[in-house]
Amino acid sequence: MKNTYYITQRELYAYFASPIAYIMMAFFLAFSGALFGIFFNQNPTSADVNTIMRGWSGSVGFFLLIFVSIITIRLIAEEQRTGTLELLLTSPVRDWEVVVGKFFATIVLLLLTLAFTLFYLVLMLIFGGRADWGPIISGYLGLLLIGGVAAAFGILASSLTQSQAVAAVIGILVCIILWFLGPLFVSNGPTNSEWWSVALSYASLESHVDSFSRGSPDLKDIFYYVTMIILFLGVTVQILKMRRGE
Amino acid sequence: MIEAEKLTKYFGDRAAVQDLSFEVKKGEIVGLLGPNGAGKTTTMRMLTGYLPIDGGRAVVAGYDVVEKPVEVRKRLGYLPETVPLYTEMPVRAYLDFTAKIRGVPSKGRNRRIEEVMELCRLADVSEKVIGKLSRGYKQRVGLAQAIIHNPQVIILDEPTVGLDPRQIIEIRKVIRDLAGNHSMILSTHILPEVSALCDRVVIVNRGRVLVEDTLANLERQGANSERLRLEVRGPQQEIHDFLARWPDVVQVEIPTNAASASIDSQGNLAPAVNPDEEAYEVALDGESQGRFNLKVTPNTDIREALASAIIQQGWGLREIGLVVPSLEEIFIRLITEDLAHLEEEENQDAEDLEDVEGDELTAPVSARSASYDDELDEPDGDVAAVVNNEAELNSQEVVRREGSNPMNARQRVYPVSKTPDQAKRKAAPSFLTASPKDRSSKPAAETQTEILPASEGDQNSTDTESERE
């Protein structure tokens, strides 16, 4: 476990040593700020903090997905390219410690980025808004979990190839597909009750967001996200084991 | 400290390493030698647990590599061929990280980092970002990470590759400072490095151990075919006959043009004399200085007697000396013999096309030139002459010369790299590693490609090299 911590530390160092994290944070915060503006304008008089934050956290997830996908593509692909993976895998560190360490570093960066969005809340509270904390916290938890799934899948994509470009394409495309599975097949589709439609909509990241932003997270939804994270990280560990031979 | 027992590794259905066994004792530095694609890196990666082992067993520092990988890695320092550096980190931070993941306890960790930086002469760049360091410094940082946890076993994969001579010397100094406390395996194809550093040598080719012996033994072994080098000024024909009549002289050779450049035991290139000029000189006046190589019956030393006899004849004796075969020559002979052996086997299998005459050393070369003559309808006279000439020459000389003398006409036959450094690294193995299987199955195509101009041929040899790796 200590090794995981060391790897997390180093990855954070790498994040802040490269411009990509700053750039992506700036983009994400710009989009998120724009979204906040939109929802704020829709409720100009009520100053109902919760309505605004609910709308915001329910829709910002997609940008979060893209943001996390891009910052994670580097994680393993680059180490394979430069040969540092050989250093990690010949150190007394287990494969899963490497993968989990990288995952945690991404989560820390994600938390930091989300912390910036608290600024909206602070603004509204200063200007007399009243917040109901339960839904807000659960909304943030939802975002964190979505980000976690994207991070886990980004690391998986990154372990598949030495090329960051390929990893980026895989990571982003799959995240987009995962996101839109629900809207595509459930809300518009006439075959709502078909088994595959239900399955796809369950697999969709987007269909689990709502309960969080409403303030009543379903255990099923938490379970869904956590399962996805563990699944992707587990597959990554297996891929690392397989790729050793190359 | 390290025991490899019948290690085997397959890539696809090709065995990269097969039944490779050797041992490294405590405090010993062992050189793992071999041409490109011989299986050195693969072997090392198996020992470090990076590559899964397909067959056999490896025990490092008392632990089985497969069963107790983490225990092994705690006691093992490894510098891969591509130095694993996080280029965005400063040296000290990088070493701190590697110390942590190698389990150096936090108490004394900083002191250890200082020590290692001192040892690897990194103290003056400790706060610099690794990406901005020179190649030599980077290599030393790589070495520092391998020894940071004071491991019992150190494995270094080509630690001096790509460095300039001064940097090579520095790295060797560092390695020598480490000797004694650690068992070390060091792979290289720079032979002087082995003489400079190693107690014992393991020569591998085609994934198998050819020889495992001490350096001294190897050199003694190589010395049994004794040769003398002479330079005598006077009438050449007379001198030749005189030498040939001398008892104990088995054979007199007049070294042809290309004997002019060589690599001495320190790995320095001796300057090359323009071959054509020299030949011209000899042809014009019979009195010019001449070089002779004598093959002498083993275990005789006729130097004094011969020297005084030559002086009595009134000729100018400029030089007389023993030709001591360098490690390089021994190495090349072993590899060549191995390849010749392989070729023989395959020739027999394929009901060979021509008799391979001559001793084992020249076998591959003569076989090739013979097939060239047979297969080509219109041989270009010039090239054909060169190739025929090849057959007479000892193949080890061919290799050395081709590497060291880019002006040589032979360049057309065996494309060579241009810089001395490249040449040094490539000289020995490049053409020897060209897959003999291809050669025997389609001799015409193969010989033709070898006679192509340098650029295309070079590409060809790189292709075969990468294929083997």
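The values are calculated or read from the model by the stated rules, or taken from the named source; none is laboratory data. Computed from a predicted model, the values in this text were never measured in an experiment. Cβ coordinates were reconstructed from backbone atoms using ideal geometry, including for glycine residues, and neighbour counts include every protein chain displayed.
Out of B:ASP54, B:ASP64, report the one residue that is within 28 Å of the chain's Cα centre (by Cα) and more than 7 Å from chain A (Cβ to nearest Cβ). Don't jump to the end; show me each part of the working.
Numbers: B:ASP64 fails: within 28 Å of the chain's Cα centre (by Cα).
Every option except B:ASP54 fails the conditions.
If a residue must be more than 17 Å from B:ASP96 (Cβ to Cβ), among the aliphatic types (A, V, I, L, M) and within 14 Å of another protein chain (Cβ to nearest Cβ), how many such residues does the stretch A:1-46 contain? Spell out the reasoning first.
Here is the first cut: in the stretch A:1-46, the ones more than 17 Å from B:ASP96 (Cβ to Cβ) are A:1, A:15, A:18-46.
Those still in the list that are among the aliphatic types (A, V, I, L, M) too: A:1, A:20-21, A:23-26, A:29-30, A:34-35, A:38.
Narrowing the set further to residues that are within 14 Å of another protein chain (Cβ to nearest Cβ) leaves A:1, A:20-21.
Number of matching residues: 3.
State yes or no: is A:ILE146 of a type outside the set (Gly, Ala, Ser) and touching a Gly at 6+ places or on another chain (Cβ under 7 Å)?
Values: of a type outside the set (Gly, Ala, Ser): yes; touching a Gly at 6+ places or on another chain (Cβ under 7 Å): yes.
Yes; evaluated as a whole, the condition is true for this residue.
Out of B:LYS26, B:LYS40, which single residue is surrounded by fewer than 23 Cβ atoms within 10 Å (Cβ to Cβ) and of a type outside the set (S, T, N, Q)? So that I can check it myself, show each step before the final result.
On the way: B:LYS40 fails: surrounded by fewer than 23 Cβ atoms within 10 Å (Cβ to Cβ).
Unique residue meeting the criteria: B:LYS26.
Consider only pairs whose beta carbons are under 8 Å apart and that are at least six residues apart or on different chains; among these, list those whose first residue lies in the stretch A:200-219 and is buried (at least 22 other Cβ atoms within 10 Å of the Cβ) and assigned to a helix (DSSP H, G or I) and whose second residue is of a type in the set (Val, Ile, Thr) and at pLDDT 75 or above.
Between residues of the stretch A:200-219 that are buried (at least 22 other Cβ atoms within 10 Å of the Cβ) and assigned to a helix (DSSP H, G or I) and residues that are of a type in the set (Val, Ile, Thr) and at pLDDT 75 or above, the close pairs are A:VAL209/A:ILE146.
Just the residues that are in a helix (DSSP H, G or I), within 14 Å of chain B (Cβ to nearest Cβ) and of a type in the set (D, E, K, R), please, taken from the stretch A:220-246.
The initial filter retains those residues of the stretch A:220-246 that are in a helix (DSSP H, G or I), namely A:220-243.
Still in the list and also within 14 Å of chain B (Cβ to nearest Cβ): A:238, A:240-243.
A:LYS241, A:ARG243, listed by residue number.
Table: residues versus (1) over 30 Å from B:VAL211 (Cα atoms); (2) surrounded by 14 or more Cβ atoms within 10 Å (Cβ to Cβ); (3) in the same structural domain as B:ILE203 (by TED's automatic domain parsing); (4) at pLDDT below 75.
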position: B:ASN257; (1), (2), (3), (4): yes, yes, no, yes
position: B:VAL273; (1), (2), (3), (4): yes, yes, no, yes
position: B:VAL296; (1), (2), (3), (4): no, yes, no, no
position: B:ILE311; (1), (2), (3), (4): yes, no, no, no
position: B:THR336; (1), (2), (3), (4): no, yes, no, no
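Pick from A:LEU109, A:LEU121: which is at pLDDT below 90 and either in a helix (DSSP H, G or I) or within 14 Å of chain B (Cβ to nearest Cβ) (or both)?
On the way: A:LEU109 fails: at pLDDT below 90.
So the residue among A:LEU109, A:LEU121 that is at pLDDT below 90 and either in a helix (DSSP H, G or I) or within 14 Å of chain B (Cβ to nearest Cβ) (or both) is A:LEU121.
Looking for whichever is farther than 28 Å from A:ARG74 by Cβ, more than 9 Å from chain A (Cβ to nearest Cβ) and of a type outside the set (Gly, Ala, Ser) here; the options are B:LEU95, B:LEU119. Which one fits?
Working: B:LEU95 fails: farther than 28 Å from A:ARG74 by Cβ.
Exactly one of B:LEU95, B:LEU119 is farther than 28 Å from A:ARG74 by Cβ, more than 9 Å from chain A (Cβ to nearest Cβ) and of a type outside the set (Gly, Ala, Ser), namely B:LEU119.
Would it be correct to say that A:VAL49 is more than 14 Å from every other protein chain (Cβ to nearest Cβ) and surrounded by 18 or more Cβ atoms within 10 Å (Cβ to Cβ)? Step through it out loud before you land on a result.
Values: more than 14 Å from every other protein chain (Cβ to nearest Cβ): yes; surrounded by 18 or more Cβ atoms within 10 Å (Cβ to Cβ): yes.
Judged against the criteria, A:VAL49 is a match.
Please pick out the residue among B:PRO105, B:PRO80 that is at pLDDT 90 or above, within 12 Å of chain A (Cβ to nearest Cβ) and surrounded by fewer than 16 Cβ atoms within 10 Å (Cβ to Cβ). Can you show your working first?
On the way: B:PRO80 fails: surrounded by fewer than 16 Cβ atoms within 10 Å (Cβ to Cβ).
Being at pLDDT 90 or above, within 12 Å of chain A (Cβ to nearest Cβ) and surrounded by fewer than 16 Cβ atoms within 10 Å (Cβ to Cβ) holds for just one of B:PRO105, B:PRO80, which is B:PRO105.
Taking B:GLU158 as meeting all but one of (1) buried (at least 16 other Cβ atoms within 10 Å of the Cβ); (2) more than 21 Å from B:TYR78 (Cβ to Cβ), write down the number of the exception.
B:GLU158 satisfies every listed condition except (2).
Which count do you get for residues in the stretch A:153-184 that are among the small types (Gly, Ala, Ser) and farther than 18 Å from A:PHE63 by Cβ? Explain how you work it out, then say what you get.
We begin by selecting, within the stretch A:153-184, every residue among the small types (Gly, Ala, Ser); these are A:154, A:157-159, A:163, A:165, A:167-168, A:171, A:182.
Now drop any that are not farther than 18 Å from A:PHE63 by Cβ, which leaves A:157-159, A:163, A:165, A:167.
Adding up the residues that qualify gives 6.
Going through the stretch B:105-140 one residue at a time, which ones are touching a residue at least 40 places away in the same chain (Cβ under 8 Å), under 22 Å from A:TYR6 (Cα atoms) and in contact with a helix residue (DSSP H, G or I) (Cβ under 7 Å, 6 or more places away or on another chain)?
Answer for the stretch B:105-140, where residues must be touching a residue at least 40 places away in the same chain (Cβ under 8 Å), under 22 Å from A:TYR6 (Cα atoms) and in contact with a helix residue (DSSP H, G or I) (Cβ under 7 Å, 6 or more places away or on another chain): just B:ILE130.
Return the pair list, or none, for Cβ contacts closer than 6 Å from residues in the stretch B:296-315 that are under 19 Å from B:GLN251 (Cα atoms) to residues that are assigned to a loop (DSSP other than H, G, I, E, B), at least 6 apart or on different chains.
B:VAL296/B:GLU226; B:VAL296/B:ASP248; B:THR297/B:ASP248; B:PRO298/B:ASN224; B:PRO298/B:GLU226; B:THR300/B:ASP248; B:ILE302/B:ASP248
Looking only at residues that are surrounded by fewer than 14 Cβ atoms within 10 Å (Cβ to Cβ) and closer than 19 Å to B:MET44 by Cα in the stretch A:221-246, which one is modelled with the lowest pLDDT?
Among them, the one singled out is A:GLU246.
Just give me the residues in the stretch A:80-110 being of a type in the set (Phe, Trp, Tyr) and either touching a Lys or Arg at 6+ places or on another chain (Cβ under 8 Å) or crowded, with 23+ Cβ neighbours inside 10 Å (or both), in sequence order.
Filtering the stretch A:80-110 down to residues of a type in the set (Phe, Trp, Tyr) leaves A:96, A:103-104.
Listed by number, the list holds a single entry, A:PHE103.
How many residues are part of a loop (DSSP other than H, G, I, E, B) and either touching a strand residue (DSSP E or B) at 6+ places or on another chain (Cβ under 6 Å) or within 25 Å of A:LEU145 (Cα to Cα) (or both) if we restrict to the stretch A:49-87? It would help to see each step written out before you state the result.
Taking the stretch A:49-87 and keeping what is part of a loop (DSSP other than H, G, I, E, B), we get A:60, A:73, A:83.
Those left that are additionally either touching a strand residue (DSSP E or B) at 6+ places or on another chain (Cβ under 6 Å) or within 25 Å of A:LEU145 (Cα to Cα) (or both): A:60, A:73.
Of the residues in that region, 2 qualify.
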